[in-house]
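A short reminder: the numbers here are calculations on the coordinates, not readings from a lab. Just so you know, these numbers come straight off a predicted model, no measurement behind them. Neighbour counts are summed over all protein chains in view; Cβ atoms, including those assigned to glycine, are modelled from backbone coordinates with ideal geometry.
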Amino acid sequence: MTSTIEAVATLIGDAKRIVVFTGAGISAESGIPTFRDPLTGIWARHDPEKLETASAFRADAALVWGWYLWRRAQVARAEPNAAHLAIVQLAKTREVTVVTQNIDDLHERAGSTDVIHLHGSLAQPKCFACHRIPAEQPFENPIASEGLRIEPPRCPRCKGKLRPGVVWFGEDLPAAAWKRAILATKGCDVLLSIGTSGVVFPAAEIPIIAQQSGAYVVHINPAPVAHQSSRVFCLIGRAAEQVPALVSLIGSTHLLPH
Ligand code: NAD
């Protein structure tokens, strides 16, 4: 009998266009905690969902800036894992667009070239007041796992406070990134949804749109995040184990023009 992973490998083997939709779970094995992982140390008493809002920044900009510097330091220490690397392998033979909710840069550091960030990036702060992105990076200080509250640097143009260039709860997604993501999703044959709980909208619409557009949807997650059907598959397990196993099963048929 064909196993689920073999069935999925066959689907991908026949697919020309693939969208890989990722969430915090793909970076978990690189040491970056997801929202569902318990926080440790000084941050254990904070709820990330309460720190990641414009009103939290207005109320205590130093607390929010300190939180993001801590997250930035975590990402700087992390390395792409086997799942990030397997996606790069897949893109050698098929058209692969990565649509990520993550604000880390592990897909790019693994070697993925077509990456759409729906929720912005930790690496690019912008001004809270005038929304400009400063030409110079204000991160000369290699921060501070210790630092709980750190005053944000000021915008060189208007002297407003700099905030992280990420999408906070209640904010719109970057319009161009969302448009490109929808376009890729509507045109794909298979959508792999890896390490996402599917509760943060509108990003969580991506697998739904893929399914409505006639694509197969494959969820890779240790938790059963969807019901299987004739067009929806679940590979239960960790991304760094499941994604390389899947990619190694896919035939080496080269579907990209040489
Ligand atoms: P989430 O925290 O809501 O859910 C994480 C999901 O990953 C869960 O379904 C969990 O079962 C799964 N998971 C845990 N370990 C896994 C593993 N080893 N392999 C595969 N899956 C695993 O994260 P989300 O769905 O991405 O949505 C919440 C928001 O969290 C997003 O907006 C994202 O920007 C933000 N976030 C990003 C990062 C990052 O950039 N690395 C980290 C934390 C949170």
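Summary: within the chain, the longest segment free of GluC sites (Glu not before Pro) located in DSSP loops with at most 10 other C-beta atoms within 10 Å is 1-135.
Do the alpha carbons of any pairs in Lys159/Lys179; Lys50/Lys159; Lys50/Lys161; Lys92/Lys186 sit beyond 24 Å of each other, and which pairs? Mind dumping the intermediate values first?
Details: Lys159/Lys179 32 Å; Lys50/Lys159 26 Å; Lys50/Lys161 19 Å; Lys92/Lys186 22 Å.
Pairs exceeding 24 Å: Lys159/Lys179; Lys50/Lys159.
First check a/c for the chain, with a ≥ b ≥ c the square roots of the eigenvalues of its C-alpha gyration tensor; if it is under 1.5, answer rounded, and if not, answer prolate when a/b is larger than b/c or oblate otherwise. In terms of gyration-tensor shape, prolate.
With just the Cα atoms defining each centre, how far is region 1-39 from region 204-243? Give it in Å. If we compute the Cα centre of each part, the gap is 8 Å.
Here the Karplus curve 6.51 cos²θ - 1.76 cosθ + 1.60, taken at θ = phi - 60°, turns the phi angles of region 123-133 into couplings of 7, 10, x, 9, 7, 5, 8, 9, 6, 6, 9 Hz, with x standing for Gly and Pro.
Relative contact order, percent, of the chain when contacts are C-alpha pairs under 8 Å separated by at least 6 residues? Please list the in-between numbers first.
Working: 458 pairs, mean separation 71.1, N = 258.
It rounds to 28 percent for the chain.
Taking each residue as 0.36 nm, the span from Thr113 to Gln212 lengthens on full extension beyond its C-alpha to C-alpha distance by 33.0 nm.
In plain terms, the residue of His119, His227, His46, His107 with the fewest other Cβ atoms within 10 Å comes first and the most crowded comes last, giving His227, His46, His119, His107.
The residues neighbouring Ile18, those whose beta-carbon lies less than 10 Å from its own, together hold a net charge of +1 under the Lys/Arg +1, Asp/Glu -1 convention.
Lys and Arg at +1, Asp and Glu at -1: add these up for the other residues within a Cβ distance under 15 Å of Ile208 and post the number. Don't skip to the end; give the middle numbers.
On the way: positive: Lys186, Arg231; negative: Glu205.
Summing Lys/Arg as +1 and Asp/Glu as -1 gives +1.
Taking every DSSP beta bridge that has both residues in region 86-233, what percent is antiparallel when rounded to the nearest 5? Don't skip to the end; give the middle numbers.
Working: 4 of 14 bridges.
DSSP beta bridges in region 86-233 are roughly 30 percent antiparallel.
The alpha-carbon of Lys16 sits under 12 angstrom from the alpha-carbons of these aspartates and glutamates, leaving out residues fewer than 8 places away in its chain: Glu95, Asp189. Computed from phi, the 3J(HN,Hα) profile of region 23-37 under the Karplus parametrisation 6.51, -1.76, 1.60 (θ = phi - 60°) reads x, 3, x, 6, 9, 4, 7, 8, x, 9, x, 7, 5, 8, 7 Hz, with x in place of Gly and Pro.
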